Amino acid sequence: IQKEQTKTKEELEQLRTTLQKKESEVESLRSEVETTKQIIKAKDVEFKKALSNVEKCASKRQKGTREEYEEKIKKKQSESEQLSSRLKGEVSALKKNLAMIEKQSKERVLELSADVN
């Protein structure tokens, strides 16, 4: 029984270590997501300034040129929306992955606790 308890305690400690590593990875991913969000916000501000400048220039030029600028603006808006959508998907996937890891870790700790008892 002592050997089994020692083995179970070692397994529990390994799981705790694994859980701590996973939690550290999750925190790292959260930090990365936050950094990405800040970059997106900065790029959005930059894009809006550029858009404003383009609109000012377009209003000063002839209609054909204005249409070209509007085309570029639409393209940039589309690219920005696609990036935003992709990042939202990645964040969602990371959240799901985190929830799954947390659930599995809790289940394993409960299993080991039951084995110890």
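The values are calculated or read from the model by the stated rules, or taken from the named source; none is laboratory data. Just so it is clear, the structure is predicted and the values come from calculations on it, not from any experiment. Cβ atoms come from the backbone with ideal geometry, glycine included; neighbour counts cover every protein chain shown. Protein only, heavy atoms only, side chains kept; ligands, DNA and RNA dropped before computing areas. Shrake-Rupley method; radii C 1.70, N 1.55, O 1.52, S 1.80 Å.
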- Query: Within the bounds of the range 44-65, is there any residue that is under 30 Å from residue 96 (Cα atoms) and either in contact with a helix residue (DSSP H, G or I) (Cβ under 9 Å, 6 or more places away or on another chain) or assigned to a helix (DSSP H, G or I) (or both)?
  - Reply: yes
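The rows are residues; the columns are (1) modelled with pLDDT under 90; (2) within 30 Å of residue 5 (Cα to Cα).
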residue	(1), (2)
55	yes, no
75	no, no
103	no, yes
109	yes, yes
- Report the residue count in the range 63-100 for those that are open to solvent by 80 Å² or more (accessible area, probe 1.4 Å) and closer than 30 Å to residue 9 by Cβ. 1
- Query: What residue, among those in the range 101-117 that are polar (S, T, N, Q) and in a helix (DSSP H, G or I), is most open to solvent (accessible area, probe 1.4 Å)?
  - Reply: 104
- Quick one: is residue 96 farther than 30 Å from residue 111 by Cα, out of contact with any helix residue (DSSP H, G or I) (no Cβ under 8 Å at 6 or more places or on another chain) and without any contact (Cβ under 8 Å) to a residue 24 or more places away in the chain? no
- Consider only pairs whose beta carbons are under 9 Å apart and that are at least six residues apart or on different chains; among these, list those whose first residue lies in the range 72-87 and is in a helix (DSSP H, G or I) and whose second residue is open to solvent by 80 Å² or more (accessible area, probe 1.4 Å). 73/55; 80/43; 83/43; 87/37
